[in-house]
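Chemist: Sharing a structure, written as structure tokens. Questions coming.
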């Protein structure tokens, strides 16, 4: 249950950040030049990420995080 | 008159970069393209994966297509083919004598014509009902690997994403895969909403998966004596999961993502090919038991990902914490640095550290004198271990629309529990860990 509490706190912090802090955290439209670079996309290499997820899913007990937790494979 | 393609505004790309990896689904990822019809993206990879000591090796070609029909209506298709061969640990520990096993995997269960086979158990019992089973022997001190393991897997993923309201996108994706002994079908859907000047994206998604487990030779009755080969028919399991995410543009140089995921599996979660060694008080093998896992499992994870622009390079660093009701907790730290070398050339070093605790029902071996537990497994993937990955990717762009890349990595597992105080097991490495080489060739083309 400790993880649940941690996750709850993290989510609450995220929501709080979203509700209150974003005005100071965000950027203006004209400040997005660096964010627009393809390397800055959170999923800049989806093929690599999918291959990595498959490898780690087959060799470890934990999976997912970025997305749903693996699956679709009888390897584990 | 030439129509000029609508160019992405920094605002839009920044927002989409913040939201795209939301659910890890092709549909969610598709949000990262700007308005206006886009060329077809073809992204291909050829993976070569090889474990040491003659264990599993894989060759896996993957083709990913992405087509934007304009206004963020995006179709994604990914096709994967896996070919696996090599030796797979059967769960038994090494011993100081030759051990003999019957292979239940691959296609080696085909009848061996004219060659009646018997199997002598460690206690001397001769089992004669194994005429259709190929036997294999493991030399003293060696980790028991089923050398006949092979499989192939074909998988298809299709996704569609589109806006459904101002600042709100929806995606739906489906998955189908087939293996020699396993079929899987899954669907997932996600919604994301942008606000706060498109600096913030909140997301939610649901996933449902249904699997058919068709073990070669049938699914063993969990916990029973291996030599009795009590087996049933095919099995199934299902997985239902949800994911919540918040993505935030933190500054001109930094975008962050926080996800929470929860999923629950029900059904046959046991590995039908894994057994557990049983030893006496001296450490001598007295037999084996089929493993047996609980019929349900609940997992939770929290993931914190970041992209940070630093002096022309991009740092991707993430942390994941997960826990399940099998007693397994894990921590993962992953980092890679995209170094722009100029002239469309880049280098991307990668490091990953992972640690997991053992499942409550994990046993390196069972002691014959102890009561047989209800749930038992010696699967190394349920053990306490640390794992590291080190590697580098090298990419070169051509003509503004083509990229070739090569990725080379080494992945290594180091189990914590590898020895025993029992005299008969002294000097044996009971869980030798794993070392793998990963090589991936990539070719990406924008038509």
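Chemist: For peptide B:424-430, how many partner chain Cβ atoms fall within 10 Å of a residue's Cβ, on average?
Modeler: Mean number of neighbouring Cβ atoms from other chains: 0.
Chemist: Would you mind computing Rg(Cα) / (2.2 N^0.38 Å) for segment B:131-182, counting N as its residues?
Modeler: 2.28
Chemist: So how many Å³ per residue does the convex hull of the Cα atoms of segment B:230-304 work out to?
Modeler: Spread over its residues, the Cα hull of segment B:230-304 gives 163 Å³ apiece.
Chemist: Something else about it: Compute the helix-to-body angle for B:10-19: its Cα long axis versus the longest principal axis of chain B, expressed 0 to 90° and rounded to tens.
Modeler: Between helix and principal axis, roughly 20 degrees.
Chemist: What spacing in nm lies between the two simple spin-label points modelled at residue B:230 and residue B:372, each 7 Å away from Cα in the Cβ direction?
Modeler: 0.6
Chemist: Stretch residue B:384-residue B:208 to full length: gain in nm at 0.36 nm per residue minus the Cα-Cα span?
Modeler: Between residue B:384 and residue B:208, full extension yields 60.4 nm more.
Chemist: Please give the contour-minus-distance gain from residue B:46 to residue B:154: 0.36 nm per residue of separation, less the Cα-Cα distance, rounded to one decimal in nm.
Modeler: Contour length minus the Cα-Cα distance gives 37.4 nm.
Chemist: Next up: Kindly provide the pair-distance distribution of segment B:360-422 built from C-alpha pairs, with 10 Å bins from 0 and whole-percent values in order of increasing distance.
Modeler: Each 10 Å bin holds this share of Cα pairs: 16, 28, 19, 14, 12, 7, 3.
Chemist: Above 17 Å lies some portion of the pair distances; for segment B:387-447, what is it as a whole percent of all C-alpha pairs?
Modeler: For segment B:387-447, the fraction of Cα-Cα distances above 17 Å is 60 percent.
Chemist: Another one. Sequence gap at least 6, Cα distance under 8 Å: using those rules, report the relative contact order of chain B to the nearest whole percent.
Modeler: 14
Chemist: Pop the C-beta distance of residue B:286 and residue B:221 into the FRET formula with R0 = 22 Å and round what comes out to the nearest 0.05.
Modeler: Using R0 = 22 Å, I get an efficiency of 0.70.
Chemist: Sticking with this structure for a sec: Calculate, axis by axis, the spread of Cα positions in chain B along the three principal axes, and write the results as whole Å, longest axis first.
Modeler: 87, 40, 39
Chemist: While we're looking at this one, here's another question. When the Kirkwood hydrodynamic radius is evaluated over all pairs of different C-alpha atoms of segment B:176-278, what value in angstrom, to one decimal, is obtained?
Modeler: The Cα-based Kirkwood calculation yields 17.0 Å.
Chemist: Could you please tell me the mean projected area of the C-alpha convex hull for segment B:258-394, averaged over all directions and given in square nanometres to one decimal?
Modeler: 11.1
Chemist: Let me ask you something else. Counting helices only, and only those DSSP H runs with n ≥ 4, report the 222 nm mean residue ellipticity of chain B as the sum of -39,500 (n - 2.57) divided by its residues, in deg cm²/dmol to the nearest 500.
Modeler: -1000 deg cm²/dmol
Chemist: Find the centroid of the Cα atoms in segment B:128-205 and in segment B:41-110, then give the distance between the two in whole Å.
Modeler: With segment B:128-205 and segment B:41-110 each reduced to a Cα centre, they are spaced 12 Å.
Chemist: How would B:52, B:334 line up from fewest to most surrounding beta-carbon atoms within 10 angstrom?
Modeler: Ranking B:52, B:334 by Cβ neighbours within 10 Å, fewest first, gives B:52, B:334.
Chemist: Can you sort B:276, B:74 from fewest to most other Cβ atoms within 10 Å of each residue's own Cβ?
Modeler: Final ranking by Cβ density, sparse to dense: B:74, B:276.
A short reminder: the numbers here are calculations on the coordinates, not readings from a lab. Just so we're clear, the structure is a prediction, and the values are computed from it rather than from any experiment. Because the Cβ atoms are built from the backbone with ideal geometry, glycine has one as well, and the counts that use them run over all protein chains shown.
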